1. Under 7 Å by Cβ, and 6 or more places apart or on different chains, what pairs join a residue from the range A:24-38 that is away from chain B (no Cβ under 14 Å) and more than 28 Å from B:Phe38 (Cβ to Cβ) with one that is part of a helix (DSSP H, G or I) and of a type outside the set (Ser, Thr, Tyr)?
2. Quick one: A:Glu19 ticks every box in (1) under 22 Å from A:Arg136 (Cα atoms); (2) assigned to a helix (DSSP H, G or I) bar one, so which box is it?
3. Listed residues A:Asp160, A:Asp187, A:Asp193; which is free of Cβ contacts under 8 Å to residues at least 12 places away in the same chain and touching a Lys or Arg at 6+ places or on another chain (Cβ under 9 Å)?
4. Any idea which residue in the range A:277-297 is modelled with the lowest pLDDT, counting only those that are surrounded by fewer than 17 Cβ atoms within 10 Å (Cβ to Cβ) and of a type in the set (Phe, Trp, Tyr)?
5. May I ask you to list pairs of residues, at least six apart or on different chains, whose Cβ atoms are under 8 Å apart, with the first in the range B:1-22 being farther than 17 Å from B:Leu72 by Cα and the second being modelled with pLDDT of 90 or more and β-branched (Val, Ile, Thr)?
6. Can you tell me which residue is farthest from the chain's Cα centre (by Cα) among those in the range B:34-60 that are facing chain A (nearest Cβ under 7 Å) and touching a residue at least 60 places away in the same chain (Cβ under 8 Å)?
7. In the set A:Leu274, A:Leu208, A:Leu236, which member is surrounded by fewer than 20 Cβ atoms within 10 Å (Cβ to Cβ), hydrophobic (A, V, I, L, M, F, W, C) and touching a Pro at 6+ places or on another chain (Cβ under 8 Å)?
8. Go through the residues of the range A:61-83 one by one and say whether even a single one is surrounded by fewer than 21 Cβ atoms within 10 Å (Cβ to Cβ), of a type outside the set (A, V, I, L, M), more than 18 Å from the chain's Cα centre (by Cα) and more than 13 Å from chain B (Cβ to nearest Cβ).
Amino acid sequence: MANLATSHPYTGEVQPKPEEYGKDGLYPYLPSKELVKAVNLTVFLEKRPLLIKGDPGSGKTRLAQAVAYELGLPYEPWYIKSTGRARDGLYTYDAVRRLHDAQLAHLDESRRSRVDDPWNYIHLGPLGRAFQNEQRTVVLIDEIDKADIDFPNDLLLELDEQRFFIEETGEGIKAHEPPVVFITSNDEKELPDAFLRRCLFIYIEFPLPSQLVAIVNAHFPGSSPALVKAAVDRFLELRQQMEQEKGQTGKKVSTSELLDWFAVLRRHPKDEALAELEGQLPFPEVLLKSWEDHLRYLQASNAKRET
Amino acid sequence: MNPGELPLLELFNRLREHGLQLGVEEYMAVLRALRAGFGVRDRRALEQLCCTVWVKSEEEARLFRRLFEQMLAQPVTRPPEPSLPEPPQPPPETPVTPSPEAPAPEAVQPVPSPPAQRTPPVSG
């Protein structure tokens, strides 16, 4: 099998270089061993997408790009909106534009030649491009639970048979290589059984403290270890506090917020930042996103000071 | 190896009895992965493989782990267990060996028959 994508497995150890950070949203990604195995299984089983659930900020969305980066494969993200239809991921057909061109065709020779070919009005979507690409492509379907309940089922046939049909041209497009599909869900809606059955599933746990330290270090190489540790500790303290107050289900501070927060902290001289971490929570606006959270935090820290 | 004899099949059927939406294809997917060298390193790896393919939510995962413990985790009290304790292949963490789990079918050693002969299906 001369298939590049399957000849070397994903290890999770190849990271982008610091100068590549932020380019197309590329950042270091440190997956757990379980996640690495699930990714390799997805690559191997070919027609089964990997459904990823987990706390917000646990890294569901970033996985796909990290895999594409390490394996050197093209990457096609598809961010689902509440109005999204399954077909949009395959292709869209601009009927209005064609009608417009057709009406003006008698005035304009170039329009006339354009209007004859429906392909001029068809734009492939992320999944459509992945099917057409001769290289195996990593596709991210982000937040599938935002869409209509029929959405996942509408994709079943295409994912199963690895082909789709363009009604306007009467042509079928067959995948050159089965795309590696990652799907994230925040569990806002239940997904249909028939769809779930075909998915592989993994739940990403919130990173352990040591993993958080590693994540911060990977994003901000050369940071002072003392500052990283102090920031992570303070962050975890806040997270624990939120967990106690809101239970497992409430919105808690997440990894991405930790990274934003740390980006602000490290701009200050180290001693200053460390001192700030000792006192009141510095830059709370980065971490606390609702007035409720602010109030709770203020109450808690006032109570602490009084005791 | 006759797939029908795997205690895995019994686990699979029990999961179906508990209402998990699984079909033959899902069972075959696990077998295909096993033959390619996935999930054969140890019991934990097998558990993770089955869990990834058969389980679709955290609730199902809890059920799965419980059943897996019951059915495939009998303490080893009987005859020699040649293949299990020390995995024969090099540790796959070393980045130098590029394809520990790569599914090139030719490269697959005659699968160290995972838990096949390990425990005859014992229920409950």
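The values are calculated or read from the model by the stated rules, or taken from the named source; none is laboratory data. The shown structure was predicted, so the numbers you read here are calculated from the model rather than taken from an experiment. Counting neighbours? That spans all protein chains shown, and the Cβs are built from the backbone with ideal geometry, glycine included.
1. A:Gly25/A:Gln65; A:Leu26/A:Glu20; A:Leu26/A:Gln65; A:Tyr27/A:Arg62; A:Tyr27/A:His219
2. Failing condition for A:Glu19: (1).
3. Every option except A:Asp193 fails the conditions.
4. Ranking the qualifying residues of the range A:277-297, first place goes to A:Trp291.
5. B:Leu20/B:Val55
6. B:Ala36
7. Working: A:Leu274 fails: touching a Pro at 6+ places or on another chain (Cβ under 8 Å); A:Leu208 fails: touching a Pro at 6+ places or on another chain (Cβ under 8 Å).
The conditions single out A:Leu236.
8. Looking through the range A:61-83, at least one residue is surrounded by fewer than 21 Cβ atoms within 10 Å (Cβ to Cβ), of a type outside the set (A, V, I, L, M), more than 18 Å from the chain's Cα centre (by Cα) and more than 13 Å from chain B (Cβ to nearest Cβ).
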